[in-house]
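K.L.:
The structure is given below, and queries will be raised subsequently.
Coordinate-derived values only; no laboratory data. Keep in mind that this is a model prediction, so the values were computed, not measured. Here the Cβ is made from the backbone with ideal geometry for all residues, glycine too, and neighbour counts use every protein chain on show.
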Amino acid sequence: MLYEKFGLVNTTKMFAQAMAHRYAVGAFNFYNMETLVAISSAARDMRSPIILAVSESALEYMGDDMLMAMITGLKLSPHEQIALHLDHGHSFESCAHALDIGFSSVMIDASTLSFDENLALSARVAKYAHAHGATVEAELGIIGGHEDENTHATNQIYTNQNDAVEFIARTGIDSLAIAIGTTHGAYKRHSDFEQLRFDILREISYRLPGFPLVLHGASNIPRILVDTINENGGDINTARGIPTEQLRQAILMGICKINVDSDSRLAFTAGVRLEMSENPNEFNPRKYLGLGQSAVYENTIAEITNIMDSANRLR
Ligand code: G3H
Ligand code: 13P
Ligand code: ZN
């Protein structure tokens, strides 16, 4: 398998272990050297499995060769249990391309199509991925918010348990992203009292025991990062995420992969803004980008520890 050349693994073993021991594997989006190094170093230092997630637009931003050269530069070993995952692939071609250049896992997001079209496309991607030894995630239901540069879901449709059972049986996918009230982006909630739809999660988990379920749009939006940004020239006052206790509850009820992008974006921005306002004479990008990187590293460690509970899980 091509991804083995990079020391990457697919998600099969990491999900099986996470399900067995009731923790989650974090899928953290990255888009440049600083965020890649921050996230992978945090996983290594915490001895945690991790998924390095790349959106279609992030892949376009980095370029295939630059991305895979950076992955080569990490000198990964399969014992570290690190997967390289395409996040929200929107077409067969996009998923096949990622697999062809060395990704070990892909998500086909055909959730805005009809059930039958989603099923057919997800099954086609699963077949191609499995022939490459890679794993596949698909999505059923619609997760609200700004998903990525290609999708802006304004409505939200919760995942139906009967659809989920049929979809998994007929597509052969390895994990399923479900809609239970999370939304992409930094503005998810009006108050911390709003609850995820644990009733729906309970039903789906009951119908699909041991099957890996995925939570997108699950950033925690730490208040300290929001405040640091606002106190240093930013304006994101109403940003609010999914409280830690609700994420922990979702893991105990069967979620084994949690996607995080917005928290890393906030951490990076907070680090850069703080450095720039504390040292207005500084104009060496290594200084402020380095502080952005450190902030993402610290935040990833905190989330591995406090949300995923995936530290010291390498076996
Ligand atoms: O859920 C997807 C991510 O937040 C990716 O967003 O396309 O702006 O990289 P992006
Ligand atoms: P957040 O916007 O909550 O970080 O969600 C990220 C995500 O789901 C990436 O696929
Ligand atoms: Zn997502």
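K.L.:
Tell me, yes or no, whether region 158-167 has at least one residue that is among the aliphatic types (A, V, I, L, M) and touching a Ser or Thr at 6+ places or on another chain (Cβ under 9 Å).
P.N.:
Taking region 158-167 as the starting set, the residues that turn out to be among the aliphatic types (A, V, I, L, M) are 164-165.
Filter again for touching a Ser or Thr at 6+ places or on another chain (Cβ under 9 Å), leaving none.
Looking for residues that are among the aliphatic types (A, V, I, L, M) and touching a Ser or Thr at 6+ places or on another chain (Cβ under 9 Å), one finds none in region 158-167, hence no.
K.L.:
Let me ask something else about it. Please work out which residue is surrounded by the most Cβ atoms within 10 Å (Cβ to Cβ), limiting yourself to region 212-239 and to residues that are in a helix (DSSP H, G or I) and within 15 Å of ligand 2 (Cβ to nearest atom).
P.N.:
Here is the first cut: in region 212-239, the residues in a helix (DSSP H, G or I) are 223-231.
Filter again for within 15 Å of ligand 2 (Cβ to nearest atom), leaving 225-226.
Values: Leu225: 27, Val226: 20.
Ranking the qualifying residues of region 212-239, first place goes to Leu225.
K.L.:
Would you check if Tyr3 is touching a residue at least 60 places away in the same chain (Cβ under 8 Å), over 17 Å from the mean Cα position of the chain (by Cα) and either assigned to a helix (DSSP H, G or I) or surrounded by fewer than 22 Cβ atoms within 10 Å (Cβ to Cβ) (or both)?
P.N.:
Working: touching a residue at least 60 places away in the same chain (Cβ under 8 Å): yes; over 17 Å from the mean Cα position of the chain (by Cα): yes; either assigned to a helix (DSSP H, G or I) or surrounded by fewer than 22 Cβ atoms within 10 Å (Cβ to Cβ) (or both): yes.
Judged against the criteria, Tyr3 is a match.
K.L.:
Oh, and also: Among Ala138, Ala134, Ala126, which is the only one that is closer than 15 Å to Glu166 by Cβ and either in contact (Cβ under 8 Å) with a residue 60 or more places away in the chain or within 16 Å of ligand 2 (Cβ to nearest atom) (or both)? Can you show your working first?
P.N.:
Numbers: Ala134 fails: closer than 15 Å to Glu166 by Cβ; Ala126 fails: either in contact (Cβ under 8 Å) with a residue 60 or more places away in the chain or within 16 Å of ligand 2 (Cβ to nearest atom) (or both).
Going through Ala138, Ala134, Ala126 in turn, just one is closer than 15 Å to Glu166 by Cβ and either in contact (Cβ under 8 Å) with a residue 60 or more places away in the chain or within 16 Å of ligand 2 (Cβ to nearest atom) (or both): Ala138.
K.L.:
Turning to a different aspect of this structure: Of the conditions (1) under 15 Å from Tyr23 (Cα atoms); (2) within 16 Å of ligand 1 (Cβ to nearest atom), Pro212 clears all except one; give me its number.
P.N.:
(2)
K.L.:
For region 11-39, which residues satisfy the criterion of being away from ligand 2 (no atom under 16 Å from the Cβ) and within 18 Å of Ile307 (Cβ to Cβ)? Before you say what the answer is, go through the steps one by one.
P.N.:
To start, the set of residues in region 11-39 that are away from ligand 2 (no atom under 16 Å from the Cβ) comprises 12-23, 32-34, 37.
Of everything in region 11-39, those that are away from ligand 2 (no atom under 16 Å from the Cβ) and within 18 Å of Ile307 (Cβ to Cβ) turn out to be Met14, Phe15, Gln17, Ala18, Met19, His21, Arg22, Tyr23.
K.L.:
Same structure, new question: Name the single residue, out of those in region 77-110 being within 16 Å of ligand 3 (Cβ to nearest atom) and surrounded by fewer than 24 Cβ atoms within 10 Å (Cβ to Cβ), that is farthest from Asn162 (Cα to Cα).
P.N.:
Ser94
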